[in-house]
Amino acid sequence: MPTAIDTSRIGRPIPHRRFQPVEPAADPGGRGLYPGEPETCRRRPRVFLAILAQLAILLVVFDAYRLETRSFRILVALALGALPVHYLVHYRWKKPLFVAVSILGMMLVSGLGVAAGVLGISAALLAVAFAAIPAFTRIGLLAAGAIGLALWRSAATEPGAWSAAVVSIVATMFMFRLVIYLYEQRHAPQREPWIEPLAYF
């Protein structure tokens, strides 16, 4: 049985240090690209239409056999409608569009009241996480907020209470991602644009 320690991975840069900014393609404005877009955005209609057709078939199957829940089928239909728009817009608008479609999906599935509560709490958490204050201050404020949300959730005794629905969705969005985001933020060489954390969460 070998006793040697494998050191082949030691010294490799950790993931957040491997990130490189997106470079525009060599042929800006070339076929399938808008000016300033990276090569990964090159549009290939035949490939895209095949993917779109498969998603449409899946939606038909989900609806015909009542697979999954109604909420899931609503999100698949929304994805089917948003996918062509996302595919065609310029690279700089892809993440804002993704955020907008995600918020619309939450409204369609959860209702306006719950979605408004989720968006309000999410905005407060993101404002603290993104604030230009010392890291330990941010962590303390977010921990206090998490404890407050947990107490608010535990106080909801009625089935289907608004607070329970709101906190449950916020928890699924932030519980682990917020820890990773704070870690990444501490090691990032510079502050990222506001759209990045919105798209991430």
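The values are calculated or read from the model by the stated rules, or taken from the named source; none is laboratory data. Please read these numbers as outputs of a predicted model, since none were measured by experiment. Here Cβ is always computed from backbone atoms with ideal geometry, including for glycine, and neighbour counts include all displayed protein chains. With ligands, DNA and RNA removed, areas are computed over all heavy atoms of the protein, side chains included. Shrake-Rupley method; radii C 1.70, N 1.55, O 1.52, S 1.80 Å.
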message: Contact order normalised by length for the chain, with contacts defined as Cα pairs under 8 Å and 6 or more residues apart; what percent is it?
response: 17 percent
- prompt: Among 197, 48, 167, which residue has its Cα positioned farthest towards the positive end of the charge dipole of the chain, with +1 placed on the Cβ of Lys and Arg, -1 on the Cβ of Asp and Glu, and the dipole taken about the Cα centre?
  reply: 48
message: Restricting to DSSP H runs of at least four residues, report the calculated mean residue ellipticity at 222 nm for the chain, -39500 (n - 2.57) per run over all residues, nearest 500 deg cm²/dmol.
response: -21500 deg cm²/dmol
message: Compute a Gaussian network model of the chain, connecting alpha carbons closer than 10 Å, and tell me which residue from 87, 181, 65 fluctuates the most.
response: 65
- request: Provide the per residue accessible area, probe 1.4 Å, for segment 77-192, rounded to a whole number of square angstrom.
  value: 60 Å²
- request: Give the Debye-formula value of log10 I(q)/I(0) at each listed q (0.29, 0.30 Å⁻¹), with one equal scatterer per alpha carbon of segment 83-127, two decimals each.
  value: -0.95, -0.98
message: Using 0.36 nm times the number of residues separating residue 64 and residue 40, minus their current alpha carbon distance, what extension gain do you get?
response: 5.1 nm
field: Cα shape, segment 101-191, gyration tensor, a/c 1.5 rule
entry: oblate
message: Using each residue's phi in segment 169-178, evaluate 6.51 cos²θ - 1.76 cosθ + 1.60 at θ = phi - 60° and report the 3J(HN,Hα) Karplus result to the nearest Hz, with x for Gly and Pro.
response: 5, 4, 5, 5, 7, 10, 3, 9, 5, 5
